[in-house]
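Here is the structure we will look at, set down as structure tokens.
The values are calculated or read from the model by the stated rules, or taken from the named source; none is laboratory data. This one's a predicted model, so the numbers in the text were calculated from it and none came from an experiment. Here Cβ is always computed from backbone atoms with ideal geometry, including for glycine, and neighbour counts include all displayed protein chains.
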Amino acid sequence: MGPDGKVIELEAGEATAVVRGQRVKVQTTTSNGQIVMTLPGNVVLRLGTTDTSTGNAQVSADGVLRTYEDSRVDIAVDGFVPLTTYTVFMFSDPVELGRGETTSKGVISQVITIPNDTEAGEHTMQINGVGPGDEVVSVSMGFEVLERESNTRLTVAVIMLAIALALLGGRPIFKRRRSA
């Protein structure tokens, strides 16, 4: 939420932070397949994953977090107040993706999953916690959910071909005519 209490909707790749109700500058870079956001007060947030397995969110070369429904996103934060509550939300439709307590060193390390009914398009992820000086910190970043390509037609074609070959007993469909 922004300082005015309204949901902040960002384009994919945009980031913003609100501390004590005021917007603050966010320095955004990419490193090892993750988006790294640095805020005042030495709060550092990382989104994405260094694991390139399928099913994990990936940060593309243009610095945008792109994912699919039902994909995992690693979230790591350093610099929050130790043993305080944090939340992770996704907007267009507000959905809580995670909640917990920071470690005794003020660290968050959580893997969240994008809901499997999420519509393709641009969304906003928001991480809320308690920063240095006991201020409420809210970091928002736009990301994109991609539509999975359907392999149904290809699967049906392969199955039909396999059935046809089985019915023919592996014989060729056309025989060559011999010239006389």
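Just need a number here: residues in segment 113-135 that are crowded, with 21+ Cβ neighbours inside 10 Å and aliphatic (A, V, I, L, M). Adding up the residues that qualify gives 3. I'd like the residue in segment 44-60 that is in a strand (DSSP E or B) and of a type in the set (A, V, I, L, M, F, W, C) and, out of all such residues, is modelled with the lowest pLDDT. Among them, the one singled out is V59. Of a type outside the set (V, I, T), at negative phi, touching a residue at least 12 places away in the same chain (Cβ under 8 Å) and surrounded by fewer than 20 Cβ atoms within 10 Å (Cβ to Cβ): is that true of L45 in this structure? Judged against the criteria, L45 is not a match.
Which one of these is under 15 Å from V137 (Cα atoms), at pLDDT below 95 and not in a strand (DSSP E or B): G63, G106, G41, G13?
G41
Among residues of segment 61-112 being polar (S, T, N, Q) and closer than 25 Å to D134 by Cα, the one that is surrounded by the most Cβ atoms within 10 Å (Cβ to Cβ) is T102.
Would you say V81 is touching a helix residue (DSSP H, G or I) at 6+ places or on another chain (Cβ under 7 Å) and either on the phi > 0 side of the Ramachandran plot or in contact (Cβ under 8 Å) with a residue 40 or more places away in the chain (or both)? Yes: the conditions hold for V81. Kindly indicate the residue of segment 82-103 that is of a type in the set (S, T, Y) and not in a loop (DSSP other than H, G, I, E, B) and also nearest to S71 (Cα to Cα) among those meeting that condition. So, considering only residues that are of a type in the set (S, T, Y) and not in a loop (DSSP other than H, G, I, E, B), the one nearest to S71 (Cα to Cα) is T87.
Scanning segment 134-153 for residues that are more than 12 Å from the chain's Cα centre (by Cα) and modelled with pLDDT of 90 or more yields a total of 7.
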